[in-house]
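See structure below.
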Amino acid sequence: MDLSAKSTQQVITFTLFRFEGIQAFWIFAQMQKSKKDFKMVQGLKFFKLMGSGGKNGFSKMLNVNVYTLLAVWESEEAAKIYFDESSHFLGFERRATEYWTIYMKTSKVHGTWSGQKPFENIQPYQSGPIAVITRATIKFRFLRKFWSYVPSVSKNMDERDGSIFSIGIGEYPWLMQATFSLWEDMESMHNYAYRSKFHSEVIQKTRSLGWYSEELFANFVPYKTVGSWEGENPLRPLMV
């Protein structure tokens, strides 16, 4: 899989950060404070700085230590300049206990995010690991019902063959939720999405009841990673 660093095609990065102690207060403040700074980053077309849930990320409780930055870049060069040379990112890097960035190309996408279509279909999936983002704004009247399904679905995801990593993230607690997951291959992801009893039931409920006011589903082809998570790079054995 040869995705050149000089390519002008759109690149998506997903960065996980861990902040400890007093730095957790700093990153919490950045959720609003840093928006104007991100809007000034050259080559950054779309971004979301998000928090995560407790336990494995799929929880109504917040994890005050783990945050994520999803970014859409006009090119890989623009992304690299930001991560390698920007004083803005340096502020995150020097305060974080650990961070891990995954470079990806969009493979398939359906839906919108904040009324936009930020991802382009430019890298058809062929083989190897695949990343998935599902995102939704939940209608207020369905909040209780939606969250009653989350523990069973998240437990079932962790136990599925081919699951590498997964986390629940969101822009606003409880109302705007997303999941990011990594799978060894497309087959493993499909087995979970369409053959898992709990996940299939949620899909059926979503379609029949209309839980969401906005939703998005996207697949990505990861091709490069920087940093580590929990002391290792979960994708390294699969990156060739």
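Quickly run through the stretch 118-142 and pick out the residues that are of a type in the set (Phe, Trp, Tyr) and either modelled with pLDDT of 65 or more or surrounded by fewer than 16 Cβ atoms within 10 Å (Cβ to Cβ) (or both).
Residues satisfying the conditions are Phe119, Tyr125, Phe140.
Hey, Asn63 hits all of (1) part of a strand (DSSP E or B); (2) touching a Phe, Trp or Tyr at 6+ places or on another chain (Cβ under 9 Å); (3) of a type outside the set (A, V, I, L, M) but one; which does it fall short on?
Looking at each condition in turn, Asn63 falls short on (2).
Quick one: which residue in Lys155, Lys224, Lys145 is of a type in the set (Lys, Arg), under 24 Å from Gly51 (Cα atoms) and modelled with pLDDT of 70 or more?
Answer to the check: Lys224.
Residues are listed down the side, and each one gets a yes or a no for (1) in contact with a helix residue (DSSP H, G or I) (Cβ under 9 Å, 6 or more places away or on another chain); (2) in contact (Cβ under 8 Å) with a residue 24 or more places away in the chain:
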site	(1), (2)
Gln32	no, no
Met40	yes, no
Ala71	yes, yes
Glu76	no, yes
Lys80	no, yes
His88	yes, yes
Gly91	yes, no
Ala96	yes, yes
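From the list Ser7, Ser52, pick out the single residue that is at pLDDT below 95 and within 14 Å of Phe180 (Cβ to Cβ).
Ser52
The values are calculated or read from the model by the stated rules, or taken from the named source; none is laboratory data. All values reported here derive from a predicted model rather than from experimental measurement. Using ideal geometry, Cβ is built from the backbone for each residue, glycine included, and neighbour counts are taken over all protein chains shown.
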